[in-house]
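Nothing in this text is a laboratory measurement; each read-out follows from the coordinates by a stated rule. Just so you know, these numbers come straight off a predicted model, no measurement behind them. Positions of Cβ are backbone-derived with ideal geometry, glycine not excepted, and every protein chain shown enters the neighbour counts.
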């Protein structure tokens with residue numbers, strides 16, 4: 001194979017999407033899970049549950065990634081492992097040990113909750129995870145949440161990252177609603193009080209913007225169930241919004257992080273209507289317009305490839321860059337999501353011939369030298385393949401929304417041009433250690 | 001409680017050991033997983049993956065594949081990926097997902113061989129054992145696949161099993177350390193051909209207990225002698241220097257590296273030195289006082305009374321109650337690349 005396979009944005013826009021995600025190049029192929037395929041994993045996400053411990057009930061291999069990450073990011077003392085062996089899987093004996101393990105963790109007196117995480121093994125054998133959670137909670141006298149880390153369903157609507165977010169949201173408790181508080185679902189970081197979103201909402205009488213990451217105690221997390229509503233800013237948190245609407249009657253709105261000024265303005269208009277308030281966003285829009293102008297003046301004509309290891313739709317980011325005069329030599333997307341649809345159409349209007357590659361296709365790996373070259377690669381997955389480009393890692397630990405998302409993106413890219421770091425150095429600063 | 005770990009993290013699993021043993025050997029390695037297991041290998045257990053020349057793919061198994069047992073689809077996927085050619089073998093490595101549904105990986109490997117014409121074999125890893133077990137299976141499977149019926153006369157080569165990062169102490173580069181004269185590595189490109197011409201070898205060395213099964217197989221058929229050994233390396237020199245005037249020392253690593261370190265320490269010290277390991281060990285290479293661990297309690301007991309433990313820094317929490325000083329001897333099987 002001399003050329004990696006691709007689909008143009010125009011061809012992609014013409015394909016029927018259907019209701020779910022679909023593989024860019026068809027599903028029947030091996031995957032090359034390259035070193036740059038980074039992101040926030042299940043275990044780091046689980047650690048957003050404050051004052052909690054995580055019990056991995058799994059074969060040794062499944063707990064492995066969490067252990068190194070836990071050591072690196074300082075939460076090793078919150079991770080516990082119940083390692084399975086062949087015999088206990090065959091007999092199911094390990095299931096009886098789970099309540100005892102939870103009891104041991106509860107007995108330490110350090111934690112308010114335990115999140116039990118099971119894996120493909122139990123997903124395939126049909127283990128009643130919720131039932132086990134209930135019996136463990138009874139035995140140990142501690143709050144127990146449960147989740148699966150089962151990548152066999154990763155392409156479906158309820159992949160592991162969706163499920164772990166649901167487990168966290170499942171700890172929200174209902175009660176008297178607090179009209180001055182809203183939740184943001186789908187972040188890995190708090191929404192700072194000085195952020196654009198917090199200030200815009202403050203103007204609408206909302207003075208508390210809550211996130212799981214921003215909760216210091218388990219009690220604070222439970223209180224999130226009393227917020228007025230949920231703003232879902234990442235597609236993986238949509239199921240949480242639906243769950244909370246059903247369980248606690250909390251309304252929610254999907255406002256996936258966008259990067260095009262017009263889309264952002266439209267999203268704010270929808271949010272205003274949802275909240276029944278006039279949101280004042282003019283100064284942020286103006287600030288973004290100026291940032292875009294400056295970026296365009298300084299970098300117009302540069303080539304920036306957009307990888308998939310980013311937060312948001314790579315098509316949306318590409319469209320924003322193209323509209324600023326940047327050339328986007330290619331986009332990486334292996335599974336095309338329903339939420340990519342509008343951005344794909346926007347990008348088609350601007351640059352219909354933009355090739356879209358799958359970053360995990362074996363052909364992309366074996367023929368990576370034939371990928372279109374770029375001055376910069378956004379996302380460590382694209383950066384791995386483009387040896388001559390400046391690599392820019394996505395800062396998953398930050399939350400940006402609204403015009404601030406665009407301004408922050410441009411600042412990130414500017415820093416990349418002005419103070420480039422090697423891909424390897426960024427990998428070390430990322431979630432993977434090798 | 002059996003299998004419960006409060007302080008110690010899960011070690012590199014058997015499939016990582018299997019992939020590592022085969023990664024640079026000139027074949028195409030397919031981990032039969034949904035994607036998470038290959039992330040462990042790529043992200044934590046196999047530093048050569050970054051920019052290395054090995055070809056390693058995930059089978060991207062999905063729920064429906066496990067329900068309907070679409071082995072034919074897996075064969076197709078592998079054949080398509082192998083189409084560019086240049087591979088001396090195709091290895092299929094098992095994981096928890098295929099293990100629990102009882103996939104016959106050996107049969108799939110035979111179908112792959114038929115479809116591609118490339119020598120193919122399976123390593124039935126389950127993700128439930130540590131890397132040393134997977135390395136052992138992979139080296140034995142590779143050897144079994146390529147050993148000839150008869151051998152040519154000896155020509156004085158030395159063959160090395162186990163020159164992989166997972167067996168290394170600290171930042172040791174085992175290939176560089178072992179490359180002396182006519183040395184051939186069964187973990188490097190050309191391994192298949194080297195095994196086909198096994199008669200050229202005068203002796204074999206395995207750098208960890210994992211290689212013993214393959215070595216015994218060769219010895220039983222061709223009478224080629226072997227030994228388990230680990231070189232006196234820079235990482236071990238540094239660790240030995242940390243021994244100082246300690247009187248009771250526990251070394252925790254894979255047995256071959258730990259034994260060499262013990263020998264180095266004894267050159268300058270009268271300390272009581274024990275070697276402990278959670279991984280495969282060769283009883284004949286163990287001393288009476290050497291413990292084999294399967295849980296945290298045994299580890300803590302072994303460290304009790306020691307004034308120095310030489311081990312990966314990730315053992316720190318499990319050893320805290322012993323009060324022993326910890327001198328770092330990083331091991332990828334615990335801490336990945338964090339401390340190397």
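Taking every residue in B:8-17 and counting other chain Cβ atoms within 10 Å of its Cβ, the average works out to 6.
Each label point was placed 7 Å from the Cα along the Cα-to-Cβ direction; for residue B:107 and residue A:207 their separation is 6.9 nm.
Packing, as the average of other Cβ atoms within 10 Å across residues, places the peptides A:277-286, A:96-105 in the order A:96-105, A:277-286, highest first. Stretching the chain fully between residue B:64 and residue B:152 yields a gain of 26.8 nm (0.36 nm per residue, less the alpha carbon separation).
Among B:159-167, A:322-330, sorting by the average number of other beta carbon atoms lying within 10 angstrom of each residue, highest first, gives B:159-167, A:322-330. Mean partner shielding of peptide B:59-72, defined as the number of other chain Cβ atoms within 10 Å of each residue Cβ, is 4.
Between residue A:193 and residue A:134, residue separation times 0.36 nm minus the direct Cα-Cα distance comes to 17.5 nm.
Here the calculated FRET efficiency for residue A:345 and residue A:283, from their Cβ-Cβ distance with R0 = 30 Å, stands at 0.55, rounded to the nearest 0.05. Using Cα springs under 10 Å in a Gaussian network model of chain B, which residue among B:132, B:210, B:99 shows the largest mean-square fluctuation? Comparing B:132, B:210, B:99 in the GNM, the peak value goes to B:99. Distance between the C-alpha centres of segment A:126-161 and segment B:155-220: 44 Å, rounded to the whole angstrom.
Relative to one another, the C-alpha centroids of segment A:79-105 and segment B:221-294 are positioned 33 Å apart. For the peptide B:89-99, the mean number of other protein chain Cβ atoms found within 10 angstrom of a residue's Cβ is 3. Let me make sure I get this right: for chain A, a, b and c are the square roots of the gyration tensor eigenvalues over alpha carbons, sorted descending. Under 1.5 in a/c it's rounded, otherwise prolate if a/b > b/c, else oblate. Which is it? Verdict is oblate for chain A. Of interest is the spacing of the C-alpha centroids, which for segment B:23-75 and segment B:302-332 amounts to 34 Å. Distance between the 7 Å Cα→Cβ label points at residue A:270 and residue B:268: 6.9 nm. Using the Cα gyration tensor of segment A:229-339, with a ≥ b ≥ c the square roots of its eigenvalues, what is the shape: rounded (a/c below 1.5), prolate (a/b larger than b/c) or oblate (neither)? Taking the square roots of the gyration eigenvalues as a ≥ b ≥ c, segment A:229-339 is oblate. Rounded, prolate or oblate: pick one for segment B:260-307, where a ≥ b ≥ c are the square roots of the eigenvalues of its C-alpha gyration tensor, a/c under 1.5 means rounded, and failing that, prolate if a/b is larger than b/c, else oblate. Oblate. Treating r as the C-beta distance of residue A:246 and residue B:76 and R0 as 35 Å, the FRET efficiency rounds to 0.25. In this structure, residue B:197 and residue B:282 have a Cβ-Cβ separation that, at R0 = 35 Å, corresponds to a calculated FRET efficiency of about 0.80. Label separation (residue B:321 vs residue A:85): 2.1 nm, computed from points 7 Å beyond Cα along the C-beta direction.
Note on A:195, B:24: ascending count of other Cβ atoms within 10 Å places them as A:195, B:24, the fewest first.
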